[in-house]
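Remarks on the structure that follows.
The values are calculated or read from the model by the stated rules, or taken from the named source; none is laboratory data. The structure displayed is predicted, hence computed values, not measured ones. For neighbour counting, all protein chains shown are included, and Cβ atoms are generated from backbone atoms with ideal geometry for every residue, glycine included. We work out accessible area using only protein heavy atoms, side chains counted, and drop any ligands, DNA or RNA first. Shrake-Rupley method; radii C 1.70, N 1.55, O 1.52, S 1.80 Å.
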Amino acid sequence: MEVPFLNLGAQYASLKRDLDNACFSVLSSGRYVGGPEVDLFEREFASYCGVSHAVGCASGTAALHLALLAIGVGNGDEVITTANTFAATAEAIVHAGATPVFIDVDDNSRNMSPCLIEEAIGPRTKAIVPVHLHGQSADMNPILAVARKHGIKVVEDAAQAHGATYRGMRTGSWGDLGCFSFYPGKNLGACGEAGIVVTNDGELSRRVRLLANHGSETKNVHVVIGYNYRMATMQAAVLRVKLRCLDTWNSRRRDIAMHYASMLDKCTSISLPRSMPYGEHVFHHYVIRIPNRDNAAQRLRNRGVNTLIHYPIPLHKQTAFARICRVPASLHVTERLSKEILSLPICPEMTEPQTVWTSRCLIELYGR
Ligand SMILES: *Cc1c(COP(=O)(O)O)cnc(C)c1O
């Protein structure tokens with residue numbers, strides 16, 4: 001049986017009429033960047049996250065870059081984050097002029113270990129960027145406590161965690177600013193590139209909007225050097241349609257995760273992802289740990305099951321970052337995870353027979 005990792009065609013088919021109408025209405029409006037459609041999406045997404053402000057932008061990477069610039073990160077500063085993330089998290093830090101400082105992650109949540117932050121803080125530390133990896137929140141309370149103690153800011157990378165919660169509140173709403181990506185494969189995906197910054201701070205939101213729009217609030221008046229990081233109107237129209245489905249899609253992901261767990265529970269050589277008791281996981285990825293990972297991926301592929309690895313090379317080992325990052329203490333959990341992790345398909349469009357087939361193949365390969 002063929003099990004695709006993602007099935008965006010099926011997602012489009014399920015919403016075809018609404019998406020077609022939304023896109024045609026943007027086409028005929030003659031307004032293609034910004035405008036009322038973007039304003040409405042910003043309001044709806046802010047309300048979904050439980051925050052007072054949202055600024056639509058060109059991508060999740062742009063969102064992170066803008067958020068860091070808005071809190072004043074610049075040349076010579078340091079920003080603490082994790083190395084088991086997509087390159088964009090650290091790229092944004094470097095683009096802002098700062099040095100990424102990588103600390104290790106917790107074995108269970110696979111997210112930033114709050115107890116390692118303090119020893120990584122130096123005189124130039126300006127911010128912490130916790131990544132809510134695979135759809136599960138990082139442990140925000142201790143992260144915010146250290147940040148407050150040292151007077152540094154927190155920017156959440158929530159690019160994989162739309163709708164996830166931490167102690168009853170949405171990810172993105174805990175830090176000074178929260179950044180989301182709407183890359184097509186994310187839990188909430190556009191039909192191209194898009195992202196958003198959310199915050200409860202009106203002044204930070206104003207600053208993000210200014211920087212995203214060439215440093216201009218009033219037409220033809222440029223007060224700072226900004227960027228062209230605005231959201232395309234078509235993406236906002238598509239995202240408004242899809243936002244209404246996000247909770248249903250996330251609960252579908254959780255159902256598939258529970259189904260996997262019930263079937264793979266007895267496979268002692270496979271270790272299943274842990275849902276931390278402090279919040280609700282939205283399973284952007286379903287990441288197991290498995291011996292002989294590369295061999296397992298190939299054997300699953302031979303049976304039609306498509307898997308991916310998020311991520312095989314931690315950022316401190318990447319040529320792009322190796323010489324410019326700072327690594328205050330060894331990242332042994334991060335490094336061990338990178339060799340053992342495997343992401344199973346878990347998109348909301350996945351059928352029950354596909355979940356069963358994927359589990360059966362794993363049980364057949366790895367026994368009980
Ligand atoms: C996808 C992603 C980003 C970047 O978002 P883009 O919209 O692709 O620019 C940043 N951080 C993480 C953790 C991501 O998964």
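Looking at (1) within 14 Å of the ligand (Cβ to nearest atom); (2) assigned to a loop (DSSP other than H, G, I, E, B), which is the one condition that is false for Phe180?
(2)
If I filter segment 31-53 for residues that are touching a His at 6+ places or on another chain (Cβ under 9 Å), within 20 Å of His284 (Cβ to Cβ) and in a loop (DSSP other than H, G, I, E, B), do I get at least one hit?
For segment 31-53, residues touching a His at 6+ places or on another chain (Cβ under 9 Å), within 20 Å of His284 (Cβ to Cβ) and in a loop (DSSP other than H, G, I, E, B): absent.
Yes or no, residue by residue, for (1) aliphatic (A, V, I, L, M); (2) within 16 Å of the ligand (Cβ to nearest atom); (3) surrounded by fewer than 19 Cβ atoms within 10 Å (Cβ to Cβ):
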site: Ala87; (1), (2), (3): yes, yes, yes
site: Glu91; (1), (2), (3): no, yes, yes
site: Phe102; (1), (2), (3): no, yes, no
site: Val105; (1), (2), (3): yes, yes, no
site: Asn111; (1), (2), (3): no, yes, no
site: Ile117; (1), (2), (3): yes, no, no
site: His134; (1), (2), (3): no, yes, no
site: Leu144; (1), (2), (3): yes, no, yes
site: Glu156; (1), (2), (3): no, yes, no
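Please find, within segment 9-47, the residue that is farthest from the ligand (Cβ to nearest atom) out of those that are closer than 29 Å to Ala87 by Cβ and crowded, with 21+ Cβ neighbours inside 10 Å.
If we take residues in segment 9-47 being closer than 29 Å to Ala87 by Cβ and crowded, with 21+ Cβ neighbours inside 10 Å, then Ala46 is farthest from the ligand (Cβ to nearest atom).
Can you say whether Ile324 is over 17 Å from Leu264 (Cβ atoms), hydrophobic (A, V, I, L, M, F, W, C), out of contact with any Leu (no Cβ under 8 Å at 6 or more places or on another chain) and not in a helix (DSSP H, G or I), as far as the supplied structure shows?
yes
Kindly check whether there is at least one residue in segment 184-199 that is away from the ligand (no atom under 16 Å from the Cβ) and either crowded, with 24+ Cβ neighbours inside 10 Å or on the phi < 0 side of the Ramachandran plot (or both).
yes
Quick check on segment 158-167. Is at least one of its residues outside any loop (DSSP other than H, G, I, E, B), among the aliphatic types (A, V, I, L, M) and away from the ligand (no atom under 11 Å from the Cβ)?
No, the conditions are met nowhere in segment 158-167.
Mind listing just one residue for me: the one in segment 214-234 that is in contact (Cβ under 8 Å) with a residue 60 or more places away in the chain and open to solvent by 10 Å² or more (accessible area, probe 1.4 Å) and, of those, farthest from Thr89 (Cα to Cα)?
Out of the qualifying residues, it is Met234.
What's the total number of residues in segment 1-30 that are within 26 Å of Glu280 (Cβ to Cβ) and assigned to a helix (DSSP H, G or I)?
Number satisfying all stated conditions: 4.
For segment 290-315, which residues satisfy the criterion of being in contact with a Lys or Arg (Cβ under 9 Å, 6 or more places away or on another chain) and under 17 Å from Thr82 (Cβ atoms)?
Ile309, Pro312
Right, Glu118: within 17 Å of Ala147 (Cα to Cα) and acidic (Asp, Glu) or not?
yes
List pairs: first residue in segment 128-154 and outside the structural domain of Val287 (by TED's automatic domain parsing), second residue surrounded by fewer than 22 Cβ atoms within 10 Å (Cβ to Cβ) and of a type in the set (D, E, K, R) anywhere in the structure, Cβ distance under 6 angstrom, at least six positions apart or on different chains.
From residues that are outside the structural domain of Val287 (by TED's automatic domain parsing), the pairs are Val146/Glu118; Lys153/Asp176; Val154/Asp176.
Please go through (1) assigned to a helix (DSSP H, G or I); (2) at positive phi for Phe283 and return the number of the only condition it doesn't satisfy.
Every condition holds for Phe283 apart from (1).
Scan segment 254-277 residue by residue and report those that are under 14 Å from Ile346 (Cα atoms), in a loop (DSSP other than H, G, I, E, B) and among the aliphatic types (A, V, I, L, M).
Leu272, the sole residue that qualifies.
Can you name every residue in segment 48-85 that is more than 16 Å from the ligand (Cβ to nearest atom) and within 17 Å of Gly163 (Cα to Cα)?
Residues satisfying the conditions are Tyr48, Cys49, Gly50, Val51, Ser52, His53.
Quick one: would you say Ser205 is open to solvent by 10 Å² or more (accessible area, probe 1.4 Å) and in contact with a His (Cβ under 6 Å, 6 or more places away or on another chain)?
Yes, satisfied.
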